[in-house]
1. Three principal axis extents, largest first, for the C-alpha atoms of region 337-400, in Å?
2. Please express the Cα-Cα pair-distance distribution P(r) of region 153-239 as a list of whole percents, one per 10 Å bin, running from 0 to the bin with the greatest distance.
3. So for region 396-463, Kirkwood radius off the Cα pairs, Stokes-Einstein at 4 °C and 1.567 mPa s: how many µm² s⁻¹?
4. How about region 399-442: which trypsin sites (Lys or Arg not before Pro) there are in a DSSP loop, with at most 16 other Cβ atoms within 10 Å of their Cβ?
5. I need the semi-axes of the equivalent ellipsoid of region 319-432: take the C-alpha gyration tensor, multiply each eigenvalue by 5, square-root it, list largest first in whole angstrom.
6. Would you mind working out the accessible area per residue for region 108-236, using a 1.4 Å probe, and quoting it in Å²?
7. Can you check how the C-alpha radius of gyration of region 327-369 compares to 2.2 N^0.38 Å, as a plain ratio?
8. Placing unit charges on C-beta atoms (Lys and Arg positive, Asp and Glu negative, everything else neutral), compute the dipole magnitude of region 234-351 about its Cα centre in debye, rounded to 20.
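The values are calculated or read from the model by the stated rules, or taken from the named source; none is laboratory data. Every value quoted in this text rests on a predicted model; they were computed, and no experiment measured them. Here the Cβ positions follow ideal geometry from the backbone for every residue, glycine too, while neighbour counts run over all protein chains shown. The protein model used for the area step is the full one, side chains on, heavy atoms only, and it has no ligands, DNA or RNA in it. Shrake-Rupley method; radii C 1.70, N 1.55, O 1.52, S 1.80 Å.
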Amino acid sequence: MAANINPAPSCLKADVWEHFGFKKKKESDNLDKTMAVCKLCHTNVKYSGNTTNLRTHLQRHHPDKVMLTGELKKLRPRRDPKQTVLDSDGGCSHKFPSTSPRSQKITESIAYFICQDLRPYSVVENIGFRRMVNAMEPRYPVPTRQHLTKVCVPRLYAQTKAHVKASLGKAERVALTCDGWTSRTTEAYVTITAHFINEEWELVTYVLQTRDMPESHTGHNLAEHLRKALAEWEITEKDPVIVTDNASNMTLAAEEAAFTLHVKCYAHTLNLAAQRALKITAVARLLGRVRRIVNFFRRSTTANHMLKEKQRLLQLPEHKLMTDVVTKWNSAHDMLERFLEQQPAICAALLSSEVRKTEKDLCTLTESDVTTAEEVVSALKPMKEATQYMSKEKTPTLSVIAPLQDTLINGMKLIEGESAVIKEMKAAMSGDLQKRYIDIKATLHACSAMDPRFKSLPFLTESQREEVFDGLITEAQAQPMPSDSELSLWSVVEEGTGTFDGSADEGMASEEENVDDGVQFKEGESSQGHRPPRNPKPSCPLAALLGGERYGGGAQPKTNTQEKQAKEQMTHYKEADLLEVKEDPLVWWKEHQYEYPLLSHLAKRYLCIPGTSVSSERVFSTAGDIVTAQRSALLPDHVDQIIFLNKNLSRM
């Protein structure tokens, strides 16, 4: 009979289970856990989830076994309180103090992990996460999510915010982008990003804040929101510029907040122009027919399977069909382009008997429709390429608007032999683009002039170009006076020793020869891209003492006013070779900043301004990963902190 008693499951750890087990149910192989069976007398004892009845049975009927168990406990050696002992779930009974350096470092890493990878705070309560942490460091006490939300993440936010403020304080000028959005919990937010060029001539972007704005997004309310942001981040004195979409409330907000310059997002401008073309009756009808076919293949599993077979048979790329989104004009271009790529497979799939059974009325495009689709894709392609380039964040984009605007408008001139649809599309897009940026044309031209790729300004007349450069010279004269080191470096370059990269006080060579990057130059020689030679030592100590003007000791430095410097630097800058369009203008300015000390300040002021508000709009997708259905209870302050850290931690 004892053979029928099965040992208790390993999850039951109490010592009494040495003497008890379970029998199996008659109708199955599962254990009957309602009755425990004594291994000593085979008596059934009722088991209700605790061991009280089992211990009572042992005390009444087997007291010797109870005494033996008690004696064994007394004989067990006492554990040193400092000794590490694993508990039943694999953890450690002796934990680090939460204030220990090791514990604090791990906690900071968990906070970084949550913000950088957009994990919910509750991850620290998940069994898998706790098991992983215990495996890596059994002595670490995993913090609660309340500790993360109230202590760890706010502390990391404060540290990062101090770093961002310090970086903004060193900027020559700060440009902002601003946009509003609504979360899935119908809470309205406004995101502000900052852009500037740092001392290393890198274009730096920070997300400053994502604050809830429950009040109406009127121009007045937005202006107040912007003024508070400027004061909080201490950039009011940085001559801030703002870039927004074309909405009227944003225009009013920029005016009321007293920004010196308001630039309207060029990507949004291109979108408005393209939407006008897509609303043309013939184009809209074509898009409707294509959209119906695409949605059919996306909805029908039979049609989708048949399409894949035809793609393999015709050796076409096994791409999925794309549908357009109302708010994204380039999705219409992508839908047509993908449809034309898969047109043979689509036509073959629609003609198959399996598909005809489910959809008899659906037909592919006619030959005329295909031709029109090809023309529409060709007409929209330059607009899409322009949008993609303008959406970059690591290179200057405001300087590209003027030449790009000129190129697009010239490319939309009517050509004899084009279809009526394409002529109508070009007229719609060209007419919309031509009425944009009239009020800030001078700024766009000045920005292009400070970009060594576009400084020739071929889209302007000679008199217009001179007017632009004269205006820049006037601005350069008003810049803060260059430091003595910059003036001395400019004077060296002015005397014909070439341009160079780097600061004046690093790595100067010896008196006989200058060595830079392993290349030697004799005294008096120079090389493009290298540092100027150090001034030679005086011939004797007396010459050093009596070399002043009073004793006729050599030629005196020429007086050079800032106006003259600005004109001379601009002359040299205009004569320098154009930079290729594919090159980075910031790299060029970094290499030539000491050759043009006054103009380099202007370059930082103009080239830091983005041509689009894409940076703030990209926060929307990040916010969608944060404010999910499972995390809809996140407070606005927590949303702000997580987005701020997610976007800025990697730049620290």
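1. 56, 24, 16
2. 15, 45, 32, 8, 0
3. On the way: Rh = 13.2 Å.
Taking Rh from Cα pairs, D becomes 98 µm²/s.
4. Values: sites: 413, 423, 426, 435, 436, 441; in loops: 413, 435, 436.
Those satisfying the criteria are 413, 435.
5. Working: eigenvalues 226, 70, 20 Å².
For region 319-432, the semi-axes come out at 34, 19, 10 Å.
6. Numbers: 5880 Å² over 129 residues.
I get 46 Å² per residue for this part.
7. Details: Rg = 12.5 Å, N = 43, 2.2 N^0.38 = 9.2 Å.
In units of the 2.2 N^0.38 Å rule of thumb, it is 1.36.
8. Using Cβ point charges on Lys, Arg, Asp and Glu, region 234-351 gives about 1100 debye.
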